[in-house]
Amino acid sequence: MSIQEEHLTGVVEEITFQNDTNGWTVLDISSDDDLITAVGVMPGVCAGETLSLTGSFTIHQSFGRQFKVTAFSRCMPETTEQIFKYLSSGVIKGIGPKKAMMIVEKFGADTLEILENSPERLSILKGISEEQAKAIGIDFKRQFAMRAVMLGLEKYGFTPAECVRIFKKLGVDAVKLVEENPYRLCGLNIGFSFERAESIEEKLPKKPQPDHRIREGIIHVVRHNSTAMGHTCIPREKLLKPCADFLNITQDEVDIALDTIISAQHLKVAELDGKEFVFLPTSFLAEKKIASRICVVANYPPPVAPRLADWIDDIEKANDIKYEEQQRLAIATAAKKGLLVLTGGPGTGKTTTIKGIIKIFKFQGLEISLAAPTGRAAKRMSEVTGMDAKTIHRLLEVEWDEDDKPYFRRNAQNPLDCDALILDELSMIDIHLFANLLEALPMGCRLILVGDSDQLPPVGSGNVLQDLIISEMLPVVKLTQVFRQALESKIITNAHRIVAGEMPDLKNDGKDFFHMERPNPFLTAQTVVELCKDRLPTAYGWDPLSDIQVICPSRKGETGTTNLNRLLQAALNPPDETKNEITVAGQIFRTGDKIMQIKNNYNIEWESKDDKGTGIFNGDIGILKKVDSKANVVTVDFDGRETVIPGEYLSELELAYAITVHKSQGSEFKAVIIPAINIVPNLAYRNLLYTAVTRAKDMLITVGSANQIEAMTYNDKKAKRYSALAHFLKEN
């Protein structure tokens, strides 16, 4: 159901709660002889004010009926009764109920005008000195500064919450500063895009200087290349044309503007192999910090373990195994160097090697921490090692600041409590998260980095795993031997064929890899639905939600995630009168749906059987347990972590019956179905197919065209990703 907006007007009777940081307010307002609880962002609102509210009535699970405010406007109290209630609320420092009564009795309806323009007149009253009168006037004006900013910005389409953020960054002159240069909003780290600044410029009575738009437009192009394309830097000459086209100016103008921006330190430059590259300052700093920290770890190896060879022999005997040469080398390197990049494809013994490293570290009496970038990857790491593994965010104890920006309690001043850190799925980790992790490493801590270098690079910026390998500045061991038992799996053998550029074996003569040829996308989509709904559950007893995952190269088209989620929702979780549902931006969420969190949210609290915490992250998959459309909240079970998600965060969810390959990274599923037909060329490449195939544990089914799979296998043209980490490592 969609939420119907309503309007109400009334006088604020009482402020129950107000967060000075973000303006979130709970108040009681009398409207048409009814006392109503209203909640929302209403900064600076005080008792006695008359408000006009826009929003909708909801039912809170604990507090009952509330009016949820999406917008509000205000007028100052007019009657002496309203003014007294306003002043006696304590909103102005130095005025309580007694002084409020005295002031209103003396000045009546002119009280607020006196406070604003002639506060010194208050000193004629008993108990108020000239100094106190002056302080009261200053505080009254301070209270109205945000009010004035909100009134000044509302006409440009800013929400109350946005007005609060702008006021906190720009202060009392916020309206003037925005009108002079709306593009400054893009650089305040409060969530304003270049396109939004352009739309604000169109509403201004006077056009700002064109230099403002050019400067921020160039930064926007660099930022887009980082966030959307994964580049940490761009060759300067490659910036000129896209910036000129985007801003409709000449390349010479871009070049001149770039010099100004770089001189002002809004962008950074570095010469790499004779070419000038342009960075966002945050990307430049992150790659520099990684290179510096890695070199510190490399330059301070741990003490020599004299019985290392004997320990490795003991592990083999105790576990009745025989390490192959590269595995033994990896274990020895981890112990001797304290720094290792361990890479290799499926079936090459990475897990066995990690277990060996852990045992050696335990022999040495080291405190060991295990981490991975996602909850699912951490859970799998825990299962295979028998030790607790955390997400990187939990390991670093993520919190958030007053602007709701995340920061980590673990850092250089408060390092991790471990002597060795083993980090899995390194291919998924971007430069910013990796830099924060390295900053929190204590001196002398061993660092073991594990990942598959043939998988996709991270969704975020950078290419950490590849850069560490190609720099040749770290010990790297690549496991290549596929063990005999692994060779029995066609998932593993075909994954290695794909990496080698060889057509995978699509003959259905195995137990875990099958291909179903279909002539067109429509029939491909229908087959995918049949497999999930009937064929696999009937044949293997698998749960369509927890055991089977559809993984798509694309979001678009008949075999993209958008359409397949619609079809799979209808087949696996059809509507009926027992299931509540809610509509968010045209997407129906229904009790029982499989959903995914698509944005890191550090504010959402969760609780499990044994633990509780805060934070649901991009890529987490769960089941909708309850939909409360009246209260505009849903309850989701994310792998045993139950959380209540309020309406303002529902846009961060999407259906997850089908997910993209990028969203599947770091996860493993019992059965994976890949629709492979009519894939757009920029997504039809080898390591995307390889990443999808290696998500399957027990069964992999491709549905569609063998010719499409062949084309993807032979296409090794990875999208170029510019980064400087390898260069900076060599500099150190």
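Write down the Å³ per residue value for the convex hull defined by the alpha carbon atoms of the stretch 514-567. Mind showing how you got there, number by number?
Numbers: hull volume 4.6 nm³, N = 54.
Roughly 84 Å³ of hull volume per residue.
Pull up all non-local amide H partners of residue 407: gap of 5 or more, or a different chain, and H-to-H distance under 5 Å with H placed in the peptide plane.
So residue 407 has HN proximity to 399, 400, 401.
Taking the stretch 103-157, which chymotrypsin sites (Phe, Trp or Tyr not before Pro) meet the DSSP loop condition and have no more than 16 other C-beta atoms within 10 Å?
Values: sites: 107, 140, 144, 156; in loops: 156.
Counting only loop positions with at most 16 other Cβ atoms within 10 Å, none of the chymotrypsin sites (Phe, Trp or Tyr not before Pro) in the stretch 103-157 qualifies.
State the number of lysine pairs found in the stretch 216-336 whose Cα atoms come within less than 30 Å, restricting to pairs 8 or more positions apart or on distinct chains.
Lysine pairs satisfying the spacing and distance rule in the stretch 216-336 number 15.
Quick check: with the 1.4 Å probe, what order do 293, 196, 147, 409 take by accessible area, largest first?
Details: 293 40, 196 65, 147 15, 409 105 Å².
Result, largest first: 409, 196, 293, 147.
If you fit an axis through the alpha-carbon atoms of helix 97-107 and take the longest principal axis of the Cα set of the chain, what angle between them do you get, 0 to 90°, nearest 10?
50
Once every DSSP H run of n ≥ 4 in the chain is given -39500 (n - 2.57) and the sum is divided by its residues, what mean residue ellipticity at 222 nm do you get, rounded to the nearest 500 deg cm²/dmol?
Numbers: 27 runs with 282 residues, N = 732.
About -11500 deg cm²/dmol.
Would you mind giving the average projected area, over all directions, of the Cα convex hull of the stretch 199-258 in nm² with one decimal?
Numbers: hull surface 17.7 nm².
Averaged projected hull area, Cα only: 4.4 nm².
Using a 1.4 Å probe and ignoring any ligands, DNA or RNA, find the accessible area of residue 93 and quote it in Å² to the nearest 10.
Accessible area of residue 93: about 140 Å².
Which ³J(HN,Hα) values, rounded to whole Hz and listed in residue order, are derived for the stretch 676-687 from phi using the Karplus coefficients 6.51, -1.76 and 1.60 in 6.51 cos²θ - 1.76 cosθ + 1.60 with θ = phi - 60°, glycine and proline given as x?
Per residue, the Karplus-derived 3J(HN,Hα) values read 10, 6, 6, 7, 4, x, 6, 10, 9, 9, 4, 6 Hz.
I'd like to compare 564-574, 217-227: which one has the highest average count of other Cβ atoms within 10 Å, and what's the full order after that? If you can, show how the numbers build up before the last one.
Working: 564-574: 19.1, 217-227: 20.9.
Going by the mean number of other Cβ atoms within 10 Å, highest first, we get 217-227, 564-574.
Heavy atoms of the protein only, probe of 1.4 Å, neighbouring chains included. What is the accessible area of residue 473 in Å², nearest 10?
Its accessible surface works out to 90 Å², give or take rounding.
Under the Kirkwood approximation applied to all pairs of distinct alpha-carbon atoms, what is the hydrodynamic radius of the stretch 24-140 in Å?
Details: mean 1/r = 0.0644 Å⁻¹.
Hydrodynamic radius (Kirkwood, Cα pairs) of the stretch 24-140 is 15.5 Å.
Give the long-range amide H neighbours of residue 339: residues separated by 5 or more places, or on another chain, with amide H under 5 Å away, using H modelled in the peptide plane at 1.01 Å from N.
For residue 339, the qualifying residues are 447.
Defining a contact as two alpha carbons under 8 Å apart and six or more residues distant in sequence, what relative contact order in percent does the chain show? Intermediate results must be reported in sequence, preceding the final value.
Numbers: 1368 pairs, mean separation 75.1, N = 732.
Answer for the chain is 10 percent.
Report, for the chain, the % of DSSP beta bridges that are antiparallel, rounded to 5.
65
At a 1.4 Å probe radius, which order do 183, 714 fall into by accessible area, largest first?
On the way: 183 5, 714 125 Å².
Heavy-atom accessible area, descending, gives 714, 183.
Round to the nearest 10 and report in Å² the accessible area of residue 400, as given by a 1.4 Å probe over the protein chains' heavy atoms.
Its heavy atoms expose roughly 90 Å² to the probe.
Protein chains only, probe 1.4 Å: how do 186, 75 rank by accessible area, largest first?
Details: 186 15, 75 60 Å².
Putting 186, 75 in descending order of accessible area: 75, 186.
Would you please give the residues with an amide H less than 5 Å from that of residue 14, counting only those at least 5 places away or on a separate chain, with H modeled from the backbone geometry?
28
Can you work out the Karplus-derived ³J(HN,Hα) for every residue in the stretch 147-161? Use 6.51 cos²θ - 1.76 cosθ + 1.60 with θ = phi - 60°, whole Hz, and x for glycine or proline.
4, 5, 4, 4, 4, x, 8, 4, 5, 9, x, 6, 7, x, 4
Could you give the spread of the C-alpha atoms of the stretch 350-418 along their three principal axes, from largest to smallest, in whole angstroms?
Taking max minus min along each principal axis of the Cα atoms, the stretch 350-418 gives 44, 27, 15 Å.
Measuring from centroid to centroid over Cα atoms, what is the spacing of the stretch 274-341 and the stretch 628-652 in Å?
41
By how many degrees, 0 to 90 and rounded to 10, does the Cα axis of helix 236-247 deviate from the longest principal axis of the chain?
Taking the Cα atoms of the chain, the angle to 236-247 is about 50 degrees.
Ordered by residue, what ³J(HN,Hα) values in Hz, to whole numbers, does the stretch 435-440 give under the Karplus form 6.51 cos²θ - 1.76 cosθ + 1.60, where θ = phi - 60° and Gly and Pro are x?
Taking θ as phi minus 60°, the curve returns 4, 5, 5, 5, 4, 8 Hz for the stretch 435-440.
To the nearest 10 degrees, how steep is helix 375-385 against the longest Cα principal axis of the chain, on a 0 to 90 scale?
40
The values are calculated or read from the model by the stated rules, or taken from the named source; none is laboratory data. Since the structure is predicted, the reported quantities are computational estimates derived from the model, not experimental observations. Ideal geometry is used to build each Cβ from the backbone, glycine not excepted, and the neighbour counts take in all protein chains shown. When the accessible area is computed, the model is the full protein with side chains, heavy atoms only, and any ligands, DNA or RNA have been set aside. Shrake-Rupley method; radii C 1.70, N 1.55, O 1.52, S 1.80 Å.
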